[in-house]
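Following: one structure in structure tokens, then a few remarks.
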Amino acid sequence: MGKRTAAIAAAALSVAPPDIAIPLLEDALPRLESSRDHQRVAAHAIARLKDDEPLTEWAISDNPTLRLVAAERLPDTVGGKLNPLLCQLTRDTDSYVAIAAVRSVADARTPAAVEQLRSVAAARREEWTCLHCGSPNPGTADHCAECHIAPPNPAKTAREMLAELTVRS
Ligand SMILES: [Zn+2]
């Protein structure tokens, strides 16, 4: 199934009656494991149909795509406080999940959000392996010494979000 077909199918199912759509989507979800994009589209549709009820479970799932969807959909605050699940996801081992959580935390625009962003921005990065060429790089390197590709960097996103928040306040 192409990415576009998967997106159209999920969109169509998300407006179908939930009793029809939810079982179909939940059945398809594990089989979409090979494509992160497809699985993400299906997970967003399931979350929407179930009023975001699965998100708390997904936030602590072993599956990085489900954690990504949780990071994208969880409310930035709960009872007036920064969402603790989102804070946890800003330190996710998967950089894409962490970046999505950093953006959601920034949406809260509260002093607690700024504090959380500062701590992510200051976190030291471990040595990393380039996904493009496989070269090892030191934590201080912004881009790969070998192929110059810059990997996703949650600390950098946190710094950008902080700059935006400080300009506006
Ligand atoms: Zn590289």
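Report, as a whole number in µm² per second, the diffusion coefficient that Stokes-Einstein gives for the range 81-139 at 4 °C and 1.567 mPa s using the Kirkwood radius over alpha carbon pairs.
105 µm²/s
Which cysteines does the chain leave without a neighbouring Cys Cβ under 4.7 Å?
Unpaired cysteines in the chain: Cys87.
Counting Lys and Arg as +1 and Asp and Glu as -1, each charge on the Cβ, what is the dipole of the chain about the Cα centre in debye, to the nearest 20?
440 debye
Given that compact globular proteins tend to follow 2.2 N^0.38 Å, what is the ratio of the alpha-carbon Rg of the range 30-169 to that value?
1.11
In a Gaussian network model over the chain where Cα atoms closer than 10 Å are linked, find which of Ala59, Ala123, Ala141 has the largest mean-square fluctuation.
Of Ala59, Ala123, Ala141, the most mobile in the Gaussian network model is Ala141.
For the range 76-168, give the magnitude of the charge dipole about the Cα centre (Cβ charges: +1 Lys/Arg, -1 Asp/Glu; no others), in debye to the nearest 20.
340 debye
How high is the relative contact order of the chain, in percent, counting Cα pairs under 8 Å that sit 6 or more residues apart? Write out the running numbers ahead of the final one.
Numbers: 216 pairs, mean separation 24.0, N = 169.
Rounded, it is 14 percent for the chain.
Once the cut-off is 14 Å, how many percent of the Cα-Cα pairs in the range 1-50 end up in the long-distance tail? Don't jump to the answer; show the numbers that get you there.
Numbers: 493 of 1225 pairs.
Tail of P(r) above 14 Å: 40 percent of Cα pairs.
Bear in mind these aren't lab numbers, they're just calculated from the coordinates by the rules spelled out. Here the structure is a predicted model, which means the values were calculated and not measured. Every residue, glycine as well, gets a Cβ built from its backbone with ideal geometry; the counts of neighbours run over all protein chains shown.
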